[in-house]
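Trainee: Have a look at this one.
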Amino acid sequence: MSQLRQHDERVARNNIKVVVVTFEGAENALNYKGETKLDWPVAIDSSRELYAYYGLAKAGFWDLWGFSTWRIYIREILKGNLPKPARHDIHQRGGDVLLNPEGMVKMHYVSRGPADRPKIEDVLRLVEQENAKAMPLENLSNLKN
């Protein structure tokens, strides 16, 4: 999410609405939102129905503790950010789902582990391509070569 924040201007320009979904309770969600200074809404899916619907099953041991996870942890420790003890189910897989305004899935990404996320540039490019397809014909006259 911090990577997405670095593109706030592009997110706004493309009219992207971000919603963070968590299975944790309201208190933990509010604490997380405060710690990370999130501006986006946080939805609580304590029954994990959305997680199940989008195929975000439990992660295995090596998904959680593989090389890429350790690499991220070491990078953060070197920056002075010590990992916090887990307060939740660390086996719950995360992911990213991109829906268009009609609710159709345009991207569905199931993370293999905590360090696995799609490249923000790829997500933004996909949105921009979708927006270009949806541009009304009367707006095409405003385009310059």
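The values are calculated or read from the model by the stated rules, or taken from the named source; none is laboratory data. On a predicted model such as this, the values are computed, not experimentally measured, just so you know. Cβ atoms come from the backbone with ideal geometry, glycine included; neighbour counts cover every protein chain shown.
Trainee: Regarding Ala29, is this residue under 17 Å from the mean Cα position of the chain (by Cα), assigned to a helix (DSSP H, G or I) and exposed (fewer than 12 other Cβ atoms within 10 Å of the Cβ)?
Mentor: Here the answer is no, as Ala29 does not meet what is asked.
Trainee: Sticking with this one: For His88, indicate whether it is within 23 Å of Tyr54 (Cβ to Cβ) and either in a loop (DSSP other than H, G, I, E, B) or hydrophobic (A, V, I, L, M, F, W, C) (or both).
Mentor: yes
Trainee: List pairs: first residue in segment 72-85 and closer than 12 Å to Ala115 by Cα, second residue of a type in the set (A, V, I, L, M, F, W, C) anywhere in the structure, Cβ distance under 9 angstrom, at least six positions apart or on different chains.
Mentor: Ile72/Ala115; Tyr73/Ala115; Glu76/Leu82
Trainee: Something else now. Across segment 3-15, what is the number of residues that are under 19 Å from Val97 (Cβ atoms) and surrounded by fewer than 11 Cβ atoms within 10 Å (Cβ to Cβ)?
Mentor: 1
For (1) in contact with a Ser or Thr (Cβ under 7 Å, 6 or more places away or on another chain); (2) surrounded by 14 or more Cβ atoms within 10 Å (Cβ to Cβ); (3) at pLDDT below 85; (4) not in a loop (DSSP other than H, G, I, E, B), each residue gets a yes or a no:
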| site | (1), (2), (3), (4) |
| --- | --- |
| Lys17 | no, no, no, no |
| Asp39 | no, no, no, no |
| Ala43 | no, no, no, yes |
| Ala52 | no, no, no, yes |
| Leu56 | no, yes, no, no |
| Leu64 | no, yes, yes, yes |
| Trp70 | no, no, yes, yes |
| Tyr73 | no, yes, yes, yes |
| Ile77 | no, no, no, yes |
